[in-house]
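Read through the structure below, which is laid out as structure tokens, and then see the notes.
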Amino acid sequence: MELKTLCELNGASGNEGAVRKAILEAARPLCDHVRIDRMGNVIAYKKGRTGNRRLMFSAHMDEVGFIILDATDDGLLQFRSVGGIDPRVIVSKYVLVGEKQVKGVIGALAIHLQSAEDRKRVLGYDSLYIDIGAKTKDEALADCPPGSYVYFDSSYQPFGDGCVVSKALDDRVGCYNLLRLLENSYDADVTCAFVTQEEVGLRGAHGAAFDAGADAVIVLEGTTAGDMGDVEKVRRVCEPGKGVTVSFMDNASIANRELYRELLALAEEKGIAAQVKRASTGGNDAGAYQRTQQGVRTCVLSVPCRYIHGPSSVVKLSDVEAQYQLARAFAEQA
């Protein structure tokens, strides 16, 4: 399955159905057994030639989005984010609302009408609305009732020197590479977990962790790059084009030190471009795997992503490839 196809599917936390269906169909011919668990995770298992190790690789299917709360009397939809989205990046962006994918635009009070104080502060969700062209509250809620999910209406586009821009690169890059991992055979038993609701608290991974029974869990993720503008080099988390990012620590987990060193050494041995994540930022499903039941060794391999959690995230395809190559090399070790 192409990365473009995965990114252009809509699947916010708790509403991953379209992504799950596509992944399930793609995974079935590639593995020995695939199922959906109670959290909606897709668990794909591939029996190894020797079964000398049990490995799990994990990526999350969900993306950030929005959800409808209500509407004003004059037909503007009120909404909140699902996952962490900076309201500064969403004004005037096109969106799709509800099951009918009603076209809308996120609006705010025009700058001509804002006071000097208004222009100094970030407009919060209480000051933002989705305009679908409805004239009344009843008209707006007829097609977009409370609880309707909202997605950025932005397409996947290649541009520049090996870059792509799209919504949902976090973490469809990981899902894309999990499917690629399933195309190969290994000595080890390999489980690929495509999990739900990472963006709202690592919820799917907590369930998948009970299925792991693994010697190690490698999480494939997207992570913030932080390499733009006047950011000092020492404060840049990671940089697109310099390879897969290996994390020693974030706000949800601390990597197993032996596993962390092993992955970096393996990248050097195989000539795979890799870099160290230079800040303890964010959090991901490794935190759930590391602390469930008796715990398990974990480490995170991330693709650097500019403008993450927005409508126009950017990655370098060479970094996506490096993530895959290092994960595969780890799975192929005797």
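Summary table below
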{"read-out": "Residue that is among the acidic types (Asp, Glu) and over 25 Å from the mean Cα position of the chain (by Cα), where the choices are 126, 171, 153, 161", "value": "126"}
{"read-out": "The stretch 24-47, subset β-branched (Val, Ile, Thr) and touching a helix residue (DSSP H, G or I) at 6+ places or on another chain (Cβ under 6 Å), residue nearest to residue 147 (Cα to Cα)", "value": "42"}
{"read-out": "Single unsatisfied condition, residue 293 versus (1) on the phi > 0 side of the Ramachandran plot; (2) crowded, with 22+ Cβ neighbours inside 10 Å", "value": "(2)"}
{"read-out": "Condition check for residue 177: assigned to a helix (DSSP H, G or I) and either of a type in the set (S, T, N, Q) or in contact with a Pro (Cβ under 7 Å, 6 or more places away or on another chain) (or both)", "value": "yes"}
{"read-out": "Subset tally (residues that are at negative phi, out of contact with any Lys or Arg (no Cβ under 7 Å at 6 or more places or on another chain) and not charged (D, E, K, R)) for the stretch 303-314", "value": "6"}
{"read-out": "Criterion: among the small types (Gly, Ala, Ser), in a loop (DSSP other than H, G, I, E, B), outside the structural domain of residue 81 (by TED's automatic domain parsing) and in contact with a strand residue (DSSP E or B) (Cβ under 7 Å, 6 or more places away or on another chain) - qualifying residue of 205, 252, 214", "value": "214"}
{"read-out": "Scan of the stretch 207-263 for residues that are among the acidic types (Asp, Glu) and under 24 Å from residue 324 (Cβ atoms), ordered by number", "value": "211, 215, 221, 227, 239, 250, 258, 262"}
{"read-out": "So residue 280, is it surrounded by fewer than 18 Cβ atoms within 10 Å (Cβ to Cβ) and in contact with a strand residue (DSSP E or B) (Cβ under 6 Å, 6 or more places away or on another chain)", "value": "yes"}
{"read-out": "Leading residue by the ranking (surrounded by the fewest Cβ atoms within 10 Å (Cβ to Cβ)) among those in the stretch 28-62 that are in contact with a strand residue (DSSP E or B) (Cβ under 8 Å, 6 or more places away or on another chain) and among the β-branched types (Val, Ile, Thr)", "value": "36"}
{"read-out": "Members of the stretch 54-93 found to be touching a Lys or Arg at 6+ places or on another chain (Cβ under 7 Å) and assigned to a strand (DSSP E or B), listed by number", "value": "63, 66, 67, 69, 71"}
{"read-out": "Test: residue in the stretch 299-316 that is among the small types (Gly, Ala, Ser) and touching a helix residue (DSSP H, G or I) at 6+ places or on another chain (Cβ under 6 Å)", "value": "yes"}
{"read-out": "Criterion: among the β-branched types (Val, Ile, Thr), farther than 30 Å from residue 213 by Cβ and more than 20 Å from the chain's Cα centre (by Cα) - qualifying residue of 91, 95", "value": "91"}
{"read-out": "Verdict on residue 222 being closer than 16 Å to residue 316 by Cβ, buried (at least 18 other Cβ atoms within 10 Å of the Cβ), touching a residue at least 12 places away in the same chain (Cβ under 8 Å) and touching a Lys or Arg at 6+ places or on another chain (Cβ under 6 Å)", "value": "no"}
{"read-out": "Qualifying residue in the stretch 315-326 (condition: touching a Lys or Arg at 6+ places or on another chain (Cβ under 6 Å), at pLDDT 90 or above, farther than 28 Å from residue 88 by Cα and part of a strand (DSSP E or B))", "value": "no"}
{"read-out": "Selection within the stretch 11-21 - under 15 Å from residue 81 (Cα atoms) and buried (at least 20 other Cβ atoms within 10 Å of the Cβ)", "value": "11, 12, 13, 15"}
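The values are calculated or read from the model by the stated rules, or taken from the named source; none is laboratory data. Model, not experiment: these values are computed from the prediction. Cβ atoms come from the backbone with ideal geometry, glycine included; neighbour counts cover every protein chain shown.
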